[in-house]
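Please treat every number below as a calculation from the coordinates, not as lab data. What you see is a predicted model, and the numbers here were worked out from it, not measured in a lab. We place every Cβ from the backbone using ideal geometry, glycine too, and count neighbours over all the protein chains shown.
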Amino acid sequence: MGRSGRSGRGCREGRHLATVAAPAPAKECLYNRLGGEKPVKTVIGLFYMKAFTDDRIKHWFEGLNKEKMEMKMAGFLKYGFGAETTYKGRDLTTGHADLVARGLCDADYDVVGELFVASLREAGVPEDLVDEIVTILESCRDAVLGRTAAPAAK
């Protein structure tokens, strides 16, 4: 309602609406702050190029379809970085249980984190966002390694 007391007329008459404090804008999700689908897929592609060839962890990826892995991660990161409210894939604990049973450990997780961070930097992701992603990666460690149950999908 304008100062004239009539809805909308105050603006048309050149008068300003009464100042009302607007709520603080919600923080944009990490996925969008990274630039959305294309930059995230670029990071994923760089990561899997490294992971499939790194002598320290490539044995975990033997026999896997790289494109299928990229699609799975793209879906998970869309959820994990806040662009989706639901995730239909397996939770982190279930999805990695067979690897843990075969010996996946903290040292392997460290290498994965190192390669993912290298991929983020190679793609030009700003350091503040890299730091935010590192925090997320660390929060997933125990679930991936089967030490705690993964949070339920929303």
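Put simply, the C-alpha atoms of the stretch 78-131 give a gyration tensor, and the ellipsoid matching it has half-axes of 24, 19, 7 Å, longest first.
Would you kindly state how much longer the chain becomes between Leu137 and Phe61 on full extension, computed as 0.36 nm times their sequence separation minus their alpha carbon distance, in nm to one decimal?
Numbers: separation 76, 0.36 × 76 = 27.36 nm, distance 1.90 nm.
So the chain would gain 25.5 nm between Leu137 and Phe61.
The aspartates and glutamates whose alpha-carbon is closer than 16 Å to the alpha-carbon of Lys41, local same-chain residues fewer than 8 away aside, are Glu67, Glu70, Glu84, Glu122.
Converting the Cα gyration tensor eigenvalues of the stretch 27-144 into ellipsoid dimensions via √(5λ) gives semi-axes, longest first, of 22, 16, 14 Å.
Dipole magnitude of the stretch 27-144 about its Cα centre, charges +1 at Lys/Arg Cβ and -1 at Asp/Glu Cβ only, in debye to the nearest 20? Before the final figure, lay out each step's value.
On the way: 16 positive and 21 negative charges, 105 e Å.
I would put it at about 500 debye.
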